[in-house]
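Take a look at the structure below.
The values are calculated or read from the model by the stated rules, or taken from the named source; none is laboratory data. Not measured: the values here are computed from a predicted model. Cβ placement follows ideal geometry from the backbone for every residue including glycine, while neighbour counts extend to all protein chains displayed. Please note that ligands, DNA and RNA were not included when accessible areas were found on the heavy atoms of the full protein model with its side chains. Shrake-Rupley method; radii C 1.70, N 1.55, O 1.52, S 1.80 Å.
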Amino acid sequence: MKFNIPNMTCGGCARGVTRAIQKVDANAKVEVDLDSKWVSVDSSAAAADIAAALSAADFPPQQQA
């Protein structure tokens with residue numbers, strides 16, 4: 001699954017996004033493209049659960065497939 005995170009602007013943001021996702025699924029594979037503000041996630045967790053965790057961490061996502 002992929003998420004666009006418009007307010008992810010720096011390395012610290014990328015680490016915060018990764019931590020938020022891995023709180024939902026510690027085994028999630030997270031790939032961050034900071035320039036395009038996209039995050040690819042390979043996880044068995046539901047997209048809605050990951051989106052909720054991102055929103056709770058102040059990184060509200062826009063999901064794309």
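Annotations
- Of the listed requirements (1) out of contact with any strand residue (DSSP E or B) (no Cβ under 8 Å at 6 or more places or on another chain); (2) open to solvent by less than 80 Å² (accessible area, probe 1.4 Å), Thr9 misses just one: (2).
- Filtered by the rule that a residue be of a type outside the set (A, V, I, L, M, F, W, C), more than 14 Å from Pro6 (Cβ to Cβ) and either touching a Pro at 6+ places or on another chain (Cβ under 8 Å) or buried (at least 18 other Cβ atoms within 10 Å of the Cβ) (or both), the range 29-61 gives a lone residue, Ser43.
- Summed over the range 14-28, the residues that are in contact with a strand residue (DSSP E or B) (Cβ under 8 Å, 6 or more places away or on another chain), closer than 15 Å to Asn4 by Cα and not hydrophobic (A, V, I, L, M, F, W, C) give a count of 1.
- Residue within the range 55-64 that is under 10 Å from the mean Cα position of the chain (by Cα), without any contact (Cβ under 8 Å) to a residue 12 or more places away in the chain and farther than 17 Å from Gly12 by Cβ present: yes
- Near pairs, Cβ below 6 angstrom, 6+ apart or cross-chain, from the range 38-51 (of a type outside the set (Asp, Glu)) to any residue that is exposed (fewer than 12 other Cβ atoms within 10 Å of the Cβ): Ser40/Glu31
- Consider the range 15-28 and keep the residues that are hydrophobic (A, V, I, L, M, F, W, C) and touching a residue at least 24 places away in the same chain (Cβ under 8 Å). The one that is most open to solvent (accessible area, probe 1.4 Å) is Val24.
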